Amino acid sequence: KKERGGISLRNLLNKKLKNEKGLTLIELLAVIVILAIIALIAIPAIGNIISNSKSKAILSDATTIIAGAKTAIADGACDETKGTDGKVTGAKCTATQLQDYVEGLTLDPGDQVVKSGSDYTITYKKLKKVNDKYAKLLNGSESTDRKDTATQADIAKAMGNKPEKPEKTANSQTN
């Protein structure tokens, strides 16, 4: 053992530790206050994360349903819509017609996708459950009204994606 200045370091630490009996009440209260502040910050943040992820899941399901509708239309499983001149202008896919094309999702009887030209509009009951942030994005305004109908472009914008470019049809002209 090396001693410095007549007192060993170990003896000095032992004396110091023997005098410590535990935390004082003030120290304990300080720790509790710090934990309470952390909880006040963390709990609302976690709530927002959960709410946003539920809303994103609903929007993702809507995107999947629209993709399923595109396949169903290509397969001829949906009803064609015709203009006054008798030409096909789009299609309408009901929940029953779509169910085989959206594996893992259960559709309500009123759910549907309507294609008009190159635009797709979905009626999906669960869209009413999105939080205020996504309701504003779907509405394209500050309104937080919950609607069960949205366009593919509105859903893409709400999810932070660029909307798809319209499909080119045989009737469209190229410049």
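Assorted remarks:
- Within the range 78-118, considering residues that are closer than 19 Å to Gln152 by Cα and among the small types (Gly, Ala, Ser), the one surrounded by the most Cβ atoms within 10 Å (Cβ to Cβ): Ala91
- The number of residues in the range 119-142 being part of a loop (DSSP other than H, G, I, E, B) and open to solvent by less than 40 Å² (accessible area, probe 1.4 Å) comes to 3.
- Yes/no for Asp154 being within 16 Å of the chain's Cα centre (by Cα), closer than 21 Å to Ala67 by Cα and at pLDDT 80 or above: yes
- Test: Lys87 is basic (Lys, Arg) and in contact with a strand residue (DSSP E or B) (Cβ under 9 Å, 6 or more places away or on another chain): no
- Cross-chain or 6+ apart pairs with Cβ under 6 Å, the range 141-161 first and within 18 Å of Thr123 (Cβ to Cβ), then open to solvent by 60 Å² or more (accessible area, probe 1.4 Å) and basic (Lys, Arg): Arg146/Lys128; Asp148/Lys125; Asp148/Lys128
- Where a residue in the range 50-65 is part of a helix (DSSP H, G or I) and its partner, wherever it lies, is open to solvent by 50 Å² or more (accessible area, probe 1.4 Å), with Cβ under 8 Å and at least six apart: Asn52/Lys133; Lys54/Lys129; Ser55/Lys129; Ser55/Lys133; Ile58/Lys126; Ile58/Lys129; Asp61/Lys126; Ala62/Lys126
- Asp85 being touching a Ser or Thr at 6+ places or on another chain (Cβ under 9 Å) and more than 20 Å from Leu127 (Cβ to Cβ): no
- When the test is whether a residue is within 29 Å of Ile50 (Cα to Cα), of a type in the set (Ser, Thr, Tyr) and part of a helix (DSSP H, G or I), Thr96 does not pass it.
The values are calculated or read from the model by the stated rules, or taken from the named source; none is laboratory data. This one's a predicted model, so the numbers in the text were calculated from it and none came from an experiment. Glycine also receives a Cβ, built like all others from the backbone with ideal geometry; neighbour counts cover every protein chain displayed. Only protein heavy atoms, including side chains, enter the accessible area calculation; ligands, DNA and RNA are left aside. Shrake-Rupley method; radii C 1.70, N 1.55, O 1.52, S 1.80 Å.
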